[in-house]
Each structure stands twice: as structure tokens, then as C-alpha cells.
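The values are calculated or read from the model by the stated rules, or taken from the named source; none is laboratory data. Quick caveat, the model's predicted, so the values are computed rather than measured. Cβ atoms come from the backbone with ideal geometry, glycine included; neighbour counts cover every protein chain shown.
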């Protein structure tokens, strides 16, 4: 499978929103055991990836439910693409990786997370942010 890459420039307002939400998410999860190290940078990078995918899909004129924008929807897929209203949907779980780790760890999720993602999402979108 051929990898296709593109650069997506985010408006400063989106970057600021990602920083604010990352801080809130970091605080909410700091006392919980997780699948990865709970770091502010991880939350920030994740939000940037979700916003980039959202912007890309909106540029394609697709209709979306961007669940990642709402803390109370965190158990839902990050983005749901609505096709012909809700006659068909594509659920996306966005994973954002640093380009530093992409060659060694790219395209993988934590084993314990897989059953949830399989249930929630039909497709995974892996975003490399470097």
C-alpha cells in the first residue's frame, strides 16, 4: 500500500484550542493508568492530528460529526463521516504519531485498545506530526 502524505496548515485559533483542550485532558487523566505516558505534549499532538484530519475532510466537502471536540463524547469515535445523511457512516479513530517514532512504531495501537477501536471505528487514520 502506497503512503500518501500532505501538509495541512492549521489556523492559530485551532492551535490555541488544541492547547487549551490538551491541558484539560491532561489534568483529567493525570491520576489514571493509561496505555501511554500521560503527557501534555501527547494530548496536544493528538488534538492537532484530529483537527488536521477534520480540516482535510471538510475540504473534501464531507459532512462530519467531530466528537473529539466534546469531552463528554470521548468514548465515541473521534470523527464520524456522514454519507447521504446517516444512511452510511464511516467512523474514524485518529492516532497522531511523531515522525521520530513512525518508522519503528507507526501504524500500531496498544493491544489493549484494539477491541474498543474495532467496535467504535471502521477505519483508523494515522497522522504523522513531526
Would you say residue 58 is more than 14 Å from the chain's Cα centre (by Cα), surrounded by 11 or more Cβ atoms within 10 Å (Cβ to Cβ) and modelled with pLDDT of 90 or more? yes
Within segment 102-113, identify whether any single residue is over 21 Å from residue 9 (Cβ atoms), out of contact with any helix residue (DSSP H, G or I) (no Cβ under 9 Å at 6 or more places or on another chain) and modelled with pLDDT of 90 or more, and answer yes or no. no
Hey, could you check segment 64-89 for residues that are surrounded by 14 or more Cβ atoms within 10 Å (Cβ to Cβ) and part of a strand (DSSP E or B) and say which is modelled with the lowest pLDDT? 89
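Yes/no per residue for (1) in contact (Cβ under 8 Å) with a residue 24 or more places away in the chain; (2) part of a loop (DSSP other than H, G, I, E, B):
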{"site": "10", "(1), (2)": "yes, yes"}
{"site": "13", "(1), (2)": "no, no"}
{"site": "20", "(1), (2)": "no, no"}
{"site": "32", "(1), (2)": "no, yes"}
{"site": "43", "(1), (2)": "no, no"}
{"site": "48", "(1), (2)": "yes, no"}
{"site": "51", "(1), (2)": "yes, no"}
{"site": "91", "(1), (2)": "yes, no"}
If you go through segment 53-63 one residue at a time, how many are part of a helix (DSSP H, G or I) and more than 18 Å from residue 11 (Cβ to Cβ)? 0
Check on residue 26, under 13 Å from the mean Cα position of the chain (by Cα), surrounded by 11 or more Cβ atoms within 10 Å (Cβ to Cβ) and either modelled with pLDDT of 85 or more or part of a loop (DSSP other than H, G, I, E, B) (or both): no
